[in-house]
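The values are calculated or read from the model by the stated rules, or taken from the named source; none is laboratory data. What you see is a predicted model; the values in this text were computed from it and never measured. Virtual Cβ from ideal backbone geometry, glycine too; neighbours counted across all protein chains shown. Just the protein is used for accessible areas: all its heavy atoms, side chains included, with ligands, DNA and RNA removed. Shrake-Rupley method; radii C 1.70, N 1.55, O 1.52, S 1.80 Å.
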Amino acid sequence: MTDRKAIKVCHVVSYRAPNYIRTRNLQAALHQIQDCEVFDATNTRRGFLRYFETIWKTLRIRVQNNPDVYVLGFRGHEIFWIIRLIAIGKPLIFDEFMSPSDALLSEGKGGLLGRIAGILIYPLEWLCLQLSARCLTDTILHRQFIADRFAVSESRTDVVYVGAVPSDVGSPRQVVDNNKPLSVLFYGTFLPLHGMDVLLHACKLLEGKPIEFRIIGGAGKALARFQGLLNDLNPGNVVHDTWVDFEDLQSTVIPNADLCLGGPFGGTPQARRVITGKTFQFLEQSKPTVIGKVDEPVAFVDRRNCLLVEQGSPESLAAAFEWALANREQLPAIGANGRKLFDKQFSIESLAAQLEPALRAVT
């Protein structure tokens, strides 16, 4: 049996949300890998000073610990060049969790100015990927996109799914009460890929049915668009909150929902390539989850471990809600099967197994 080489890894992050689920789970996966010593250069500040904080931490780790490999996490494009210089002579693995140029060019973020910015950002993003020893991303579909858009061989990109922050809610609620309205939950940032217009039109189709929708999230222009459509449609079955603390979401809001909406429902190019972070959170909590169909080769099976719907279709989404209402007694089993799938493919142990080959390939 070949001895496993010990690896010293510096995980570098400078993001406005340092506790972002992608960051937390990559850190947890690194710590899960046997013979992997992890040095953390993640920011704690959230403003502009976070860049200086991360750079200083990385410099100190380079001098004091001399890591074998650097993993630059999401959203590393902003500090790539400085980290690449600090890590000179060492392999750097870059997390292309999301393409900023594609978000601006294909998803319509920022309008005309956003598209112009996307054109300018593209060559810089291309260089980030070309100058990295390996890349990480979150789905096989994203790996294919990176190969097509940025000419990065699929053999240089490793897929590490997003996974979920472990919850501490104990055994999920299994009681089915047909005398109460079906409680349906969505939370998110209202990105184009989420398809908030699709969701609101589906809610409108079900007015008069014993279904209650709780929608949480939104900010800026996306929130304004959502509120405008909500006022125009005026569905009587929707309650909207702009914010709920993540801990409350984990401990109370998700456990109390009968059905959770993972999406994506938008049908945008990005929506066709992702499994949303909230999907993993719901599966981890054994909640029956509605998922927008993507061609990712994972074992999502309609009405067995999730409910699958066509993206961009309020009618398909509404039909899933009506099926759930008529078959409420099957929802706990669907949630339990979803948890089994999560444990098999998306747990922290699974993420560590997906991430380790990237580290071994460059050391």
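Residues that are open to solvent by less than 20 Å² (accessible area, probe 1.4 Å) and either closer than 24 Å to Gly108 by Cα or under 16 Å from the mean Cα position of the chain (by Cα) (or both) within region 286-297 comprise Thr289, Val290, Ile291, Gly292, Glu296, listed in sequence order. Given the condition under 30 Å from Thr268 (Cα atoms), touching a residue at least 60 places away in the same chain (Cβ under 8 Å) and outside any loop (DSSP other than H, G, I, E, B), answer yes or no: does some residue in region 129-137 qualify? Checked region 129-137: at least one residue is under 30 Å from Thr268 (Cα atoms), touching a residue at least 60 places away in the same chain (Cβ under 8 Å) and outside any loop (DSSP other than H, G, I, E, B). In this entry, Leu141 is excluded by the filter for residues that are touching a residue at least 24 places away in the same chain (Cβ under 8 Å), open to solvent by less than 10 Å² (accessible area, probe 1.4 Å) and of a type outside the set (D, E, K, R).
Just checking, does region 182-189 include any residue being more than 18 Å from the chain's Cα centre (by Cα), surrounded by 14 or more Cβ atoms within 10 Å (Cβ to Cβ), more than 17 Å from Ser251 (Cα to Cα) and at pLDDT 95 or above? Scanning region 182-189, I find at least one residue that is more than 18 Å from the chain's Cα centre (by Cα), surrounded by 14 or more Cβ atoms within 10 Å (Cβ to Cβ), more than 17 Å from Ser251 (Cα to Cα) and at pLDDT 95 or above, so the answer is yes. Between Leu283, Leu229, the distinction of being touching a Phe, Trp or Tyr at 6+ places or on another chain (Cβ under 7 Å) and either aliphatic (A, V, I, L, M) or at negative phi (or both) belongs to Leu283 only. Across region 301-358, the number of residues qualifying as on the phi < 0 side of the Ramachandran plot, among the basic types (Lys, Arg) and open to solvent by 40 Å² or more (accessible area, probe 1.4 Å) comes to 4. Could you list all residues from region 238-279 that are crowded, with 17+ Cβ neighbours inside 10 Å, part of a loop (DSSP other than H, G, I, E, B) and either of a type in the set (Lys, Arg) or out of contact with any Gly (no Cβ under 7 Å at 6 or more places or on another chain) (or both)? Ala257, Asp258, Thr268, Gln270, Val274, Ile275 - these are the residues of region 238-279 that are crowded, with 17+ Cβ neighbours inside 10 Å, part of a loop (DSSP other than H, G, I, E, B) and either of a type in the set (Lys, Arg) or out of contact with any Gly (no Cβ under 7 Å at 6 or more places or on another chain) (or both). Of all residues in region 237-260, those being modelled with pLDDT under 95 and touching an Asp or Glu at 6+ places or on another chain (Cβ under 9 Å) number 2. Counting only residues that are among the hydroxyl-bearing types (Ser, Thr, Tyr) and surrounded by fewer than 21 Cβ atoms within 10 Å (Cβ to Cβ), region 102-138 holds 2 of them.
Selection of region 49-79 for residues being open to solvent by 30 Å² or more (accessible area, probe 1.4 Å), at pLDDT 95 or above and not in a helix (DSSP H, G or I) yields Asn66, Asp68. Is it the case that Asp168 is open to solvent by 20 Å² or more (accessible area, probe 1.4 Å), at pLDDT below 95, touching a Ser or Thr at 6+ places or on another chain (Cβ under 9 Å) and not small (Gly, Ala, Ser)? The answer is yes for Asp168.
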